[in-house]
Structures are given as structure tokens and as C-alpha cells.
1. From the list A55, A73, which residue is part of a strand (DSSP E or B), under 20 Å from the mean Cα position of the chain (by Cα) and modelled with pLDDT of 95 or more?
2. Considering only region 76-89, I want to know if a residue exists there that is among the polar types (S, T, N, Q), open to solvent by 40 Å² or more (accessible area, probe 1.4 Å) and assigned to a strand (DSSP E or B).
3. Of the residues T126, T138, T180, only one is closer than 25 Å to Y78 by Cβ, of a type outside the set (A, V, I, L, M, F, W, C) and at pLDDT 95 or above; which?
Amino acid sequence: TTYNCAIFPYTNGGSNIDYKTDGVYPETTATTENIQYLLFEDFNEDLGVFTAFNAYGEQEWHQSSNNQGVTYACINGYASGAPHQNEDWLISPAITIGENQWEEVTFEFRTAMKYEGPAIQVKLSTDYDGSSDPSDFTWMDFTDVFDYSSGNYEWVESGQLIIDQAMLIPGNYYFAFVYTSTDELAASWEIDYVKVMGLAYGSVNENTAQTVS
């Protein structure tokens, strides 16, 4: 999208208010990048488009909200006065990437957490089937790419994972958050504002002209 901006300065005090009516006002033009949402989930309606897979343990991903009315996906392996062993996946729907469709795709979210326990993991798969046990498929670990909440339920923006042209092969992409807890430590994690965005190419190739008679 192209935005055209003009600035009209004036004085707005005293007995002689002098609005600018003469001369040429300054102008500028800015064009935003062609970015489209491929996925946006704020968990206003349960877990939204995400699917929860319980590998083991009693606790599972679910939707909750705080006293400010903010909704999110959350999980806590601490229950009945003790921590418990858990492994739970929160998996996105398939994000289909076509050939030469995007210049790059970005993935971001925000987290809040409290209490001590294993860190949340973030993974990506291009061979998951969308419904089976995710451990039977190949997942690339991108946990270290992001920033996370350090505690006290403070929300922290993750930053972006950028998947560029070299990695963008046509197919289905699945993103997953993997929560684990033990019999000794179980943190509480909250996930919100999960975004996958595609940056379109700046131009398209013109068709080759054909001669006809």
C-alpha cells in the first residue's frame, strides 16, 4: 500500500493565530511491504485453529484469561499440590506454501510464564500429517531463535523466525509449542498472538510475448 503524507504547520497560540496558507507544504510518499497474514491466533475462541496433543500426563493445553480480559493458550504441570510429568504439544494448522509464492515467511508470538521448570520449545515440521503423534515425524528445533518471558507472568515478544527463499520449499508447514514438566519442576506457560506472515515478491515476471498471425 502507498501512503501520501502532507504536513501543515501553524501557530496555535496568542492573539494572532497564523495558519499556514501560503507556499508549498512538505510532502512525502512511503510504500509498505506487501505482507499478508498466513495465520493469526489470539485464542479468543478456545484454542482457535491450534490443536493440542497430549503425549503423556494429566495436564493439557487449554484457553484461559487474566483479570485484564486477555485470552491465551496456557498449561501448568503443577496440580493437587505437586508437579507432574507432562509432554504436551500445541500445533498449528497446515500453512501451505506454494512454489515462488513468498520472498520470506516470518513466525512470531509472545509468552508469559511463572515458576521454575523446563523451558517451552518451538519446533517446525514439513512432513507432519496434521493429526498423528507428532513424535513420529521430523521436527526442526528453533527454540533458541526466540526471546521468552523470564517470569512473574510478564509478557515478552518473541522476535521473529525468518524463513527465507533458501528454506521455503513448497508444501505444508506446521509450527508447534512443546511443553514438558517433571515430578520435581513444573512451570506455567502462556502463549498469545501467534502470527505467521508472508512477504510477497516485489514484482512478478512478465509473460513472454508470443507472435501470432
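The values are calculated or read from the model by the stated rules, or taken from the named source; none is laboratory data. Remember, predicted model here, so these are calculated numbers, not experimental data. Note that each Cβ is placed from the backbone with ideal geometry, even for glycine, and that neighbours are counted across all protein chains shown. Each accessible area value is taken on the protein alone, full model and side chains, heavy atoms only, with ligands, DNA and RNA left out. Shrake-Rupley method; radii C 1.70, N 1.55, O 1.52, S 1.80 Å.
1. A73
2. First, pick out the residues of region 76-89 that are among the polar types (S, T, N, Q): 76, 80, 85-86.
Those still in the list that are open to solvent by 40 Å² or more (accessible area, probe 1.4 Å) too: 76, 80, 85.
Checking which are assigned to a strand (DSSP E or B) leaves us with 76.
Looking through region 76-89, at least one residue is among the polar types (S, T, N, Q), open to solvent by 40 Å² or more (accessible area, probe 1.4 Å) and assigned to a strand (DSSP E or B).
3. Within the list T126, T138, T180, the selection yields T180.
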